[in-house]
Amino acid sequence: MGEVIARLAMSLDGYIAGPRSGREYPLGVGGERLHSWVYGLRTFRRMQGMAGGAGGPDDELLAEHVERPGAVVMGHGMYITGEIPWGDEPPFHLPVYVVTHHPRGSVVKEGGTVFHFVTEGPERALELAREAAGDKDVSLAGGADLVQQFIRDDWLDELVLHVVPVLACGGRRLFDNVGDEHIEWRKTQVVDSPEVTHIRLRRQPESV
């Protein structure tokens, strides 16, 4: 069985989306700045059907993000904001389990992405994603509320933060609402480049 991993771009002040995120601004106002480091990378360009692009450590981490998962879990809000910009061929190319209160049939997209809508809660969505992923990882795509629940319930094996040197000054903050208990993380990798610092974290087990 693989692991449950969240990989998220985050501002220096802790936001993973800018203000007013929604259908009009899927990443929030100014939120595209959190992802600008990927646009020139070889893996990103290949995903967009383009040639060329930069290699190196940033590209290697992005390639890992593409290659390791066998299924994806996301919240209803992320699906709603991304549905239009993702278009007919979303970037996942995997089964995606959407945690929602709104039942509907599965939506099949080009390129292998199939959205399944799970109304029994995030734990059930994770269970289904694990079954679909087999020996591969489950990618927790977001949004912030769902990641916070996974942190509270200790369902997350690894958290990879792509910390971008900008201040969002508002929006959706990653580490709100994660409970009132002290949580410790262990750094297992830090990769620094001019545009972004990648920090790989694993949650420390509770001391006995």
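How high is the relative contact order of the stretch 4-203, given as a whole-number percent (alpha carbon pairs under 8 Å, six or more residues apart)? Don't jump to the answer; show the numbers that get you there.
Values: 404 pairs, mean separation 59.3, N = 200.
The value is 30 percent.
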Return the long-range amide H neighbours of residue 121 (sequence gap of 5 or more, or a different chain), with a cut-off of under 5 Å between placed amide H atoms. 100
Separation in nanometres of the label points that stand 7 Å from Cα toward Cβ, at residue 12 and residue 102: 3.8 nm
Which Cα, out of 91, 132, 122, lies furthest along the positive dipole direction of the stretch 71-187 (beta carbon charges, K/R +1, D/E -1)? 91
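To the nearest 0.05, what FRET efficiency results for residue 157 and residue 24 with a Förster distance of 45 Å applied to their C-beta separation?
On the way: r = 34 Å, r/R0 = 0.76.
Given R0 = 45 Å and the Cβ-Cβ separation, E is 0.85.
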How many percent of all Cα-Cα pairs in the stretch 90-178 sit more than 23 Å apart? 30 percent
What percentage of all Cα-Cα pairs in the stretch 40-136 are separated by more than 17 Å? 56 percent
What number do you get for the stretch 128-195 when its Cα radius of gyration is normalised by 2.2 N^0.38 Å, N = residues? 1.30
If one puts a single equal scatterer on every Cα of the chain and applies the Debye formula without solvent, what log₁₀ I(q)/I(0) results at q = 0.15, 0.17, 0.18 Å⁻¹? -1.01, -1.36, -1.55
Rounded to the nearest 5, what % of the DSSP beta bridges within the chain are antiparallel ones? 40 percent
At 222 nm, what helix-only mean residue ellipticity would the chain give, in deg cm²/dmol to the nearest 500, using -39500 (n - 2.57) for each DSSP H run of four or more? -7000 deg cm²/dmol
So how far apart, in nm, are the two label points at residue 48 and residue 185 if each is 7 Å from Cα heading toward Cβ? 2.8 nm
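With a sphere of radius 9 Å drawn around the Cβ of residue 89, what net charge do the other residues whose Cβ falls strictly inside it have (Lys, Arg +1; Asp, Glu -1)?
Around residue 89, the charge tally is -1.
Computed from the coordinates by the stated procedures, all read-outs in this text should not be read as laboratory data. Keep in mind it's a predicted model, so treat the numbers as computed, not measured. Glycine gets a Cβ as well: all are built from the backbone with ideal geometry, and neighbour counts include every protein chain shown.
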